[in-house]
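J.: Have a look at the structure that comes next, please.
The values are calculated or read from the model by the stated rules, or taken from the named source; none is laboratory data. For clarity, every value in this text was computed on a predicted model and none was experimentally measured. Don't worry about glycine lacking a Cβ; one is built from the backbone with ideal geometry, like all the others, and counts go over all protein chains shown.
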Amino acid sequence: MAAKKKPKYRLQPLLIVKEKHKKQCEIELGRSIRNVAEQKERLKTLEQEKENIIKRKLQARLDMSRQVAGGETRIFDSGLHLNYLDKLQDDVVAKEKEIVRQHEVIKEAEERVKKARRDYIDAAQDLKMMEKHKELWEKKLKAQLNYKEQKELNELGNVVFQIRKMGS
């Protein structure tokens with residue numbers, strides 16, 4: 001008697017697709033989280049650059065005050081110094097604008113993380129549901145095979161009983 005081939009789960013291709021989708025969602029979630037961290041790091045850098053500009057501006061004012069108090073300054077030097085201070089102020093304003101833009105970038109990146117997390121959770125739930133379906137299918141198949149086996153054993157027992165009965 002040839003052994004029967006084990007039935008194949010008919011939704012196996014769909015299960016494979018669900019596994020791949022979950023993996024892709026997991027990768028995208030990781031990328032999104034890493035992007036948020038990078039954008040926050042960029043924000044820290046911008047804020048540090050702004051602080052450095054402010055420190056240079058304060059130092060330039062102190063230097064100018066010392067020169068004026070010491071009588072070392074000339075009108076031409078004062079004009080250059082004031083232009084330098086104006087340039088530093090413009091740099092501060094530009095950095096503040098960059099910081100505001102960076103906050104928006106971070107907000108968008110965090111929204112992408114939320115979406116990626118939701119997609120990952122949905123994909124994981126879909127996969128789990130498919131795996132549970134496959135387990136139930138296998139359980140049902142096993143129960144059917146056990147039933148058939150029991151039926152065949154009962155028939156075999158009846159045949160043996162009939163043969164013994166006829167032989168006696």
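J.: What are the residues in the stretch 49-68 that are β-branched (V, I, T) and over 50 Å from the mean Cα position of the chain (by Cα), if any? Please lay out each step first, then the result.
T.: We begin by selecting, within the stretch 49-68, every residue β-branched (V, I, T); these are 53-54, 68.
V68, the sole residue that qualifies.
J.: Restrict the check to the stretch 24-40 and report whether at least one residue is at pLDDT 95 or above, within 21 Å of H133 (Cβ to Cβ), hydrophobic (A, V, I, L, M, F, W, C) and out of contact with any Cys (no Cβ under 8 Å at 6 or more places or on another chain).
T.: yes
J.: Inside the stretch 47-73, can you point out the residues that are at pLDDT 80 or above and touching an Asp or Glu at 6+ places or on another chain (Cβ under 8 Å)?
T.: K50, I53
J.: Determine, yes or no, whether K134 is more than 30 Å from R34 (Cβ to Cβ), part of a helix (DSSP H, G or I) and touching a helix residue (DSSP H, G or I) at 6+ places or on another chain (Cβ under 8 Å). Lay out the reasoning, then the answer.
T.: Numbers: more than 30 Å from R34 (Cβ to Cβ): yes; part of a helix (DSSP H, G or I): yes; touching a helix residue (DSSP H, G or I) at 6+ places or on another chain (Cβ under 8 Å): yes.
When the stated conditions are applied, K134 passes them.
J.: Is it the case that some residue within the stretch 63-73 is touching a residue at least 40 places away in the same chain (Cβ under 8 Å) and either surrounded by 12 or more Cβ atoms within 10 Å (Cβ to Cβ) or part of a helix (DSSP H, G or I) (or both)? I'd like the intermediate steps shown before the answer.
T.: The first filter runs over the stretch 63-73 and keeps only residues touching a residue at least 40 places away in the same chain (Cβ under 8 Å), leaving none.
No; the residues of the stretch 63-73 include none that is touching a residue at least 40 places away in the same chain (Cβ under 8 Å) and either surrounded by 12 or more Cβ atoms within 10 Å (Cβ to Cβ) or part of a helix (DSSP H, G or I) (or both).
J.: Please go through the stretch 3-35 and give me each residue that is under 18 Å from I121 (Cβ atoms) and not basic (K, R), ordered by number. Before you say what the answer is, go through the steps one by one.
T.: Here is the first cut: in the stretch 3-35, the ones under 18 Å from I121 (Cβ atoms) are 17-33.
Listed by number, the residues that qualify are V17, E19, H21, Q24, C25, E26, I27, E28, L29, G30, S32, I33.
J.: Shifting gears a bit: Here is a list: A94, A116. Which entry is touching a Ser or Thr at 6+ places or on another chain (Cβ under 9 Å) and part of a helix (DSSP H, G or I)?
T.: Working: A94 fails: touching a Ser or Thr at 6+ places or on another chain (Cβ under 9 Å).
From the options A94, A116, the qualifying one is A116.
J.: Specify the residue that is farthest from K114 (Cα to Cα); the eligible residues are those in the stretch 1-23 that are within 15 Å of the chain's Cα centre (by Cα) and in contact (Cβ under 8 Å) with a residue 12 or more places away in the chain.
T.: H21
J.: For the stretch 37-55: of the residues being of a type in the set (D, E) and without any contact (Cβ under 8 Å) to a residue 12 or more places away in the chain, which is farthest from A109 (Cα to Cα)?
T.: Filtering the stretch 37-55 down to residues of a type in the set (D, E) leaves 38, 41, 47, 49, 51.
Still in the running and without any contact (Cβ under 8 Å) to a residue 12 or more places away in the chain: 38, 41, 51.
Numbers: E38: 10, E41: 13, E51: 25 Å.
Looking at residues that are of a type in the set (D, E) and without any contact (Cβ under 8 Å) to a residue 12 or more places away in the chain, I get E51.
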